[in-house]
Amino acid sequence: MRTPLGATYLGDGRTQFQVWGPLLREIAVHVVSPRERLIPLRRTAAGYHAGIADDVPAGALYFYRLDGDRDRPDPASQYQPQGVHGPSEVVDHTFPWTDDCWFGVPLSRYIFYELHVGTFSEAGTFDGVIPYIPYLQHLGITAVEIMPVAEFTGARNWGYDGVYPFAPESSYGGPAGLKRMVDALHQHGIAAVLDVVYNHLGPEGNYTFEYGPYFTDRYKTLWGQGLNFDGEESHHVRRFFVDNADYWVSQFHIDALRLDAIDRITDKSAFTFLEELVLRMRERADSVGRQIHLIGETNSNNPVYVRSPAMGGYGLDAQWNDDFHHSMRTLLTGDLRDYYQDFGQFNQLVKAMREGYVYSGQYSANARQPRGVSSRDIPGYRFVHFSQN
């Protein structure tokens, strides 16, 4: 079993640290509290810096001291109580879970409620959601999709420019708050789905480029440099994000991950990041004995994402179907601007219901080329049809 990334509390005041920093000669843990000191880490040939420190209890605050001249938060920080530029905190993941008999919800029974923690309740926290869970259950909801909670700048945000993928947002209540919310969802028979962003990291508070080649100049995204999923040293970058998915499932009992804009992940590897992620999640599902689903967001109208690896696909469990949303929206509102110009006919809504994609090779006026391939052979429950997202 490989050493986890970040700070792993071992009990009895001992904490194990590991960070990938091939661009750095040396990294030390700068413990800020409860007792300030520097703890050198050992550098490996692969560029990892690791060590076990005594007298660093849960709740201790720390930075990494990079090459002796600057302090930076842990890229795999599990809690940023003072925001994206502040110190990271050692987390004890011991929690009194009450969901021992929870085995998940079959994908065919998923009825989503997409929830923004910061605006759902007056409190704007994970705990603020809990009193309303019985209402969601009465409404018929079987899966709550939690919009991204990775630590972001400020106290309120859509969440799509988070910079610490392992750290539940401090203004929402941090790791303990998220666990209480997930446990309460399971008590009411509702699956917890977490929206994760693996196509980019936000700008403010993002120090990963100082540690290693997390990004590449070979690919550009809507948000800047692409993440390095297929270049030199990319297997370490992939490990970072695959371990992140595993962390949410194992430590927070998350039932499904909604993968943001997977068509914006450029990866030309023979065995891609998405395939590696699917394999890890299948292994984790077997080890914990419950259903875990991966659901991709993409408007590429390509069923390769949900086809099985045996059929040349990535093996995701389901994907969002933008064509249904666009068909319904244009019929209800008459809005035909931009990409909506390709829609507005009732038979398109019928096709979306029957087959999935509306555009399965037809000419798209918006794209100015034929778009998509047929999804007729994909079962309907593997498409998420939505009115808003």
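The values are calculated or read from the model by the stated rules, or taken from the named source; none is laboratory data. Here the structure is a predicted model, which means the values were calculated and not measured. Positions of Cβ are generated from backbone atoms using ideal geometry, with glycine treated the same way; all protein chains shown enter the neighbour counts. Surface areas here come from the heavy atoms of the whole protein model, side chains and all, with no ligands, DNA or RNA. Shrake-Rupley method; radii C 1.70, N 1.55, O 1.52, S 1.80 Å.
Would you mind computing, in nm to one decimal, how far apart the modelled labels at R25 and E233 are, each placed 7 Å from Cα along Cα→Cβ?
Taking the simple label geometry, R25 and E233 are separated by 1.6 nm.
For the chain, what relative contact order do you get, as a whole percent, if you take Cα pairs closer than 8 Å and at least 6 residues apart?
Relative contact order here is 11 percent.
Round to the nearest 10 and give me the degree value, 0 to 90, for the angle of helix 273-288's Cα axis relative to the longest principal axis of the chain.
Roughly 80 degrees, rounded to the nearest 10.
Please compute the alpha carbon radius of gyration of segment 272-384, then divide it by the globular-protein estimate 2.2 N^0.38 Å. Two decimals is fine.
Rounded to two decimals, the normalised Rg is 1.19.
Using a Debye calculation, one point per C-alpha and no hydration shell, please list log10 I(q)/I(0) for segment 91-174 at q = 0.17, 0.24 Å⁻¹ in order.
So the normalised log intensities are -0.85, -1.25.
Based on the Cα gyration tensor of the chain, what are the three equivalent ellipsoid semi-axes, each the root of five times an eigenvalue, rounded to whole Å and given largest first?
37, 24, 19
Given the convex hull over the Cα atoms of segment 1-118, what projected area results after averaging over all orientations, in nm²?
10.8
With unit charges on the beta carbons (Lys and Arg positive, Asp and Glu negative) and the dipole taken about the Cα centre of segment 185-252, which residue among F229, V196, L185 sits farthest to the positive side?
L185
Tell me, what does the Kirkwood hydrodynamic radius of segment 1-70 come to in angstroms if you use every pair of distinct C-alpha atoms?
Over segment 1-70, the inverse of the mean reciprocal pair distance is 12.1 Å.
Going by alpha carbons, how many degrees (0 to 90, nearest 10) lie between the helix axis of 174-187 and the longest principal axis of the chain?
Approximately 50 degrees, to the nearest 10.
F166: accessible area at probe 1.4 Å, nearest 10 Å²?
F166 has an accessible surface of roughly 10 Å² with all protein chains in place.
If you roll a 1.4 Å probe over the heavy atoms of the protein chains, what accessible area per residue do you get for segment 1-80, in Å²?
Per residue, segment 1-80 has an accessible area of 46 Å².
In Å, the Kirkwood hydrodynamic radius of segment 143-261 over pairs of distinct alpha carbons?
Hydrodynamic radius (Kirkwood, Cα only) of segment 143-261 equals 15.0 Å.
State the percentage of accessible surface on the chain attributable to carbon and sulfur atoms; use a 1.4 Å probe and exclude ligands, DNA and RNA.
51
Per residue, how much accessible area does segment 184-257 have with a 1.4 Å probe, in Å²?
That works out to 32 Å² per residue.
In deg cm²/dmol and to the nearest 500, what is the mean residue ellipticity at 222 nm of the chain if only DSSP H runs of at least 4 residues count, each as -39500 (n - 2.57), divided by the residue total?
-6500 deg cm²/dmol
If R65, R329, R354, R35 are ordered by their accessible area, calculated over protein heavy atoms with a 1.4 Å probe, which sequence runs from highest to lowest?
R354, R35, R329, R65
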